[in-house]
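Q: Below is a structure I'd like to ask you about.
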Amino acid sequence: MGGTQSEREEKVSLELSEEILQSMEVGMTFRDYNGRISSMDFHKTSSYLVTASDDESIRLYDVASATCLKTINSKKYGVDLVCFTSHPTTVIYSSKNGWDESLRLLSLHDNKYLRYFKGHHDRVVSLSLCSRKECFISGSLDRTVLLWDQRAEKCQGLLRVQGRPATSYDEQGLVFAIAFGGYIRMFDARNYEKGPFEMFSVGGDTSDANVVKFSNDGRLMLLTTMDGHIHVLDSFRGTLLSTYNVKPVSSNSTLEASFSPEGMFVISGSGDGSVYAWSVRSGKEVASWMSTDTEPPVIKWAPGSLMFVTGSSELSFWIPDLSKLGAYVGRKKKVYGKGGRWEDSSPNQKYCCPTLTMYPSWF
């Protein structure tokens, strides 16, 4: 047989559209959790996904093969938030035991703690890593935001806030945002001691901030709040572009939302467990998936991929069902052959995009 598998496959572009988003459904589920998933993170340059769960487990998945590579238990400290460092098997995570609020740098490869970061005195509710340097920020219910260097146990900076803080670095690591009390405050990462260089209002929504995020190109930001609002802003001008509304969440839950890779859509959980998608351009809801759950799922879009993942009491991978798309009906079909790829009746075509991969090959 001539050529390798990859050489024989002719790649076809698939850009994310409303129609493709509406066709998305669960392609794979892991149901072996004994508690709710509290946090998850995709590594930016590998195919790895990490999850943290109320069953005190940290799990590492290879998304490309849809396998759980490793489960590490954190029985002593519990685990709440988890983030990858630049290294695909090293994570930083927060505790959930109520008596030790240290953050921990953990090697998943050999289950060894590389460093403890002590400084917070209440639950850590926000964690964001800088993509360019070995820095990260954490926000806590103790009303402080601490700035850290992964190589040092003591924090490098402290900012006081008046409420529950949501924090995030932008993709370049030059700016970080802290949201609380109806405003998003923008800081220069190199001169944060001078205070925020901008303050953006989110339309009078003073309910507790849950999550703040930048789009991949840095042009947009989103903020979710406990009252069930998802605000999308222009991150340069601070203009409030749109607000989407879902069911409010309880004080022990977190309403999470995520931009699609090119920033055209926002997906979000809801206080009633449902998942919604909106078009950033039109501000209109384009898709929804109802649930029997009663808490918002954690939700993340996979980098550079036509896939998002939700975590509740189970972990679900959502991918397009091309058989539902009018443009494909009749001339393209699903094939569950070897590798289970989406294929034409001619097996030499795999439908993917240079920027958004038709993920994954296991469905």
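The values are calculated or read from the model by the stated rules, or taken from the named source; none is laboratory data. Computed from a prediction, not measured in an experiment: that's the story for all the values here. Because the Cβ atoms are built from the backbone with ideal geometry, glycine has one as well, and the counts that use them run over all protein chains shown. The protein model used for the area step is the full one, side chains on, heavy atoms only, and it has no ligands, DNA or RNA in it. Shrake-Rupley method; radii C 1.70, N 1.55, O 1.52, S 1.80 Å.
Q: Which of the residues spanning the stretch 18-56 are among the aromatic types (Phe, Trp, Tyr) and either in a loop (DSSP other than H, G, I, E, B) or open to solvent by less than 30 Å² (accessible area, probe 1.4 Å) (or both)?
A: Initial filter on the stretch 18-56 (among the aromatic types (Phe, Trp, Tyr)): 30, 33, 42, 48.
Correct list: 33, 42.
Q: Using the structure shown, decide if residue 232 is farther than 30 Å from residue 15 by Cβ, touching a Ser or Thr at 6+ places or on another chain (Cβ under 9 Å) and either crowded, with 18+ Cβ neighbours inside 10 Å or aliphatic (A, V, I, L, M) (or both). Spell out how you get there, then give the answer.
A: Working: farther than 30 Å from residue 15 by Cβ: no; touching a Ser or Thr at 6+ places or on another chain (Cβ under 9 Å): yes; either crowded, with 18+ Cβ neighbours inside 10 Å or aliphatic (A, V, I, L, M) (or both): yes.
So residue 232 does not fit the description; no.
Q: Further question: If a residue has to be on the phi < 0 side of the Ramachandran plot, open to solvent by 10 Å² or more (accessible area, probe 1.4 Å) and either assigned to a loop (DSSP other than H, G, I, E, B) or among the charged types (D, E, K, R) (or both) to count, how many in the stretch 272-295 make the cut?
A: Looking only at that region, the number is 12.
Q: (1) open to solvent by 30 Å² or more (accessible area, probe 1.4 Å); (2) under 20 Å from residue 38 (Cα atoms): which one isn't true of residue 259, the others all being true?
A: With respect to (1) open to solvent by 30 Å² or more (accessible area, probe 1.4 Å); (2) under 20 Å from residue 38 (Cα atoms), residue 259 is out only on (1).
Q: Let me ask something additional. Can you confirm whether the stretch 309-325 contains a residue that is at pLDDT below 80, surrounded by fewer than 20 Cβ atoms within 10 Å (Cβ to Cβ) and in a loop (DSSP other than H, G, I, E, B)?
A: Yes.
Q: Could you tell me which residue of the stretch 139-162 is nearest to residue 101 (Cα to Cα), considering only residues that are among the charged types (D, E, K, R) and in a loop (DSSP other than H, G, I, E, B)? Don't jump to the end; show me each part of the working.
A: Taking the stretch 139-162 first, the residues among the charged types (D, E, K, R) are 142-143, 149, 151, 153-154, 160.
When the remaining residues are screened for being in a loop (DSSP other than H, G, I, E, B), the result is 142-143, 151, 153-154.
Values: 142: 10, 143: 13, 151: 19, 153: 13, 154: 14 Å.
Among them, the one singled out is 142.
Q: Shifting gears a bit: State the number of residues belonging to the stretch 212-268 that are small (Gly, Ala, Ser) and in contact with a helix residue (DSSP H, G or I) (Cβ under 7 Å, 6 or more places away or on another chain). I'd like the intermediate steps shown before the answer.
A: In the first step, residues of the stretch 212-268 are kept if they are small (Gly, Ala, Ser); the result is 215, 218, 228, 235, 238, 242, 250-251, 253, 257-258, 260, 263, 268.
Filter again for in contact with a helix residue (DSSP H, G or I) (Cβ under 7 Å, 6 or more places away or on another chain), leaving none.
Of the residues in the stretch 212-268, 0 are small (Gly, Ala, Ser) and in contact with a helix residue (DSSP H, G or I) (Cβ under 7 Å, 6 or more places away or on another chain).
Q: Within the stretch 66-86, can one find any residue that is modelled with pLDDT of 95 or more, open to solvent by less than 20 Å² (accessible area, probe 1.4 Å) and under 30 Å from residue 324 (Cβ atoms)?
A: No, that holds for no residue.
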